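Data first, discussion second: the structure below is written as structure tokens.
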Amino acid sequence: MKEVRVIRVEPLERIGASNDQAEVAIGFSEKDGILRVAHAHTFFLPPYKADGEPMFSNFREIATLAKEHFTQGKRLAALTHDARVTFIRRAIYWDYRHFLSFEEVRSLEAARISSDSAFKGPRPSWAPAAH
């Protein structure tokens, strides 16, 4: 793999209206008693440090960059495994309008991680190494 797909992360306050910010954070809105996916093109990210601000990403702004641009020294934060599952779930909804449960996506991700002999980093408890 020589290239990596990236998505811009911006402060949530750039969304504008506080009602829209709340919908991005929650991911859903209620209208006429019906719960609906809100701002499907976004993914909410809580602050990655104690004094940080909430953020969001926009699936409309995905780019591909050369892998050498990414080093451990430039990393500010990383998603937890469960946050990655939530991100994948939201991305699947955005790309395909297919609404999967968190458990369904985590099961798929567990199968991927468990069978990946080159997996680096701590494994989540729900994805043990295959024997």
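The values are calculated or read from the model by the stated rules, or taken from the named source; none is laboratory data. Just so we're clear, the structure is a prediction, and the values are computed from it rather than from any experiment. We place every Cβ from the backbone using ideal geometry, glycine too, and count neighbours over all the protein chains shown.
Residues in the stretch 101-131 that are hydrophobic (A, V, I, L, M, F, W, C), over 17 Å from T80 (Cβ atoms) and part of a loop (DSSP other than H, G, I, E, B): A118, A129, A130.
Among the residues of the stretch 20-45, those identified as touching a strand residue (DSSP E or B) at 6+ places or on another chain (Cβ under 9 Å) and over 18 Å from M55 (Cβ atoms) are F28, S29, E30, L35, R36, V37.
Among the residues of the stretch 4-21, just one is more than 21 Å from I88 (Cα to Cα), of a type in the set (A, V, I, L, M, F, W, C) and loosely packed, with under 14 Cβ neighbours inside 10 Å, namely A17.
Restricted to the stretch 1-19, and to residues that are part of a strand (DSSP E or B) and in contact with a helix residue (DSSP H, G or I) (Cβ under 7 Å, 6 or more places away or on another chain), which residue is nearest to S57 (Cα to Cα)? Filtering first and then ranking leaves V4. Between F44, F28, which is surrounded by 17 or more Cβ atoms within 10 Å (Cβ to Cβ) and aromatic (F, W, Y)? Every option except F44 fails the conditions.
Every residue, every condition in (1) closer than 22 Å to P46 by Cα; (2) over 15 Å from the mean Cα position of the chain (by Cα); (3) not assigned by TED's automatic domain parsing to the domain that holds F44, yes or no:
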| position | (1), (2), (3) |
| --- | --- |
| D95 | no, no, yes |
| F102 | yes, no, yes |
| A111 | no, yes, yes |
| W126 | no, yes, yes |
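Counting residues that are touching a residue at least 60 places away in the same chain (Cβ under 8 Å) and more than 22 Å from P124 (Cα to Cα), which strands (runs of 3 or more DSSP E) fully inside the stretch 20-100 reach at least 1?
Output list reads 34-37, 55-66.
Here L79, L35, L45 are screened, and the one residue that is aliphatic (A, V, I, L, M), closer than 16 Å to P11 by Cα and out of contact with any Asp or Glu (no Cβ under 9 Å at 6 or more places or on another chain) is L45.
Tell me which residues, restricted to the stretch 101-131, are in contact (Cβ under 8 Å) with a residue 40 or more places away in the chain and within 25 Å of R36 (Cβ to Cβ). Passing the criteria: none in range. Summed over the stretch 92-126, residues that are modelled with pLDDT of 95 or more, small (G, A, S) and surrounded by 11 or more Cβ atoms within 10 Å (Cβ to Cβ) total 3.
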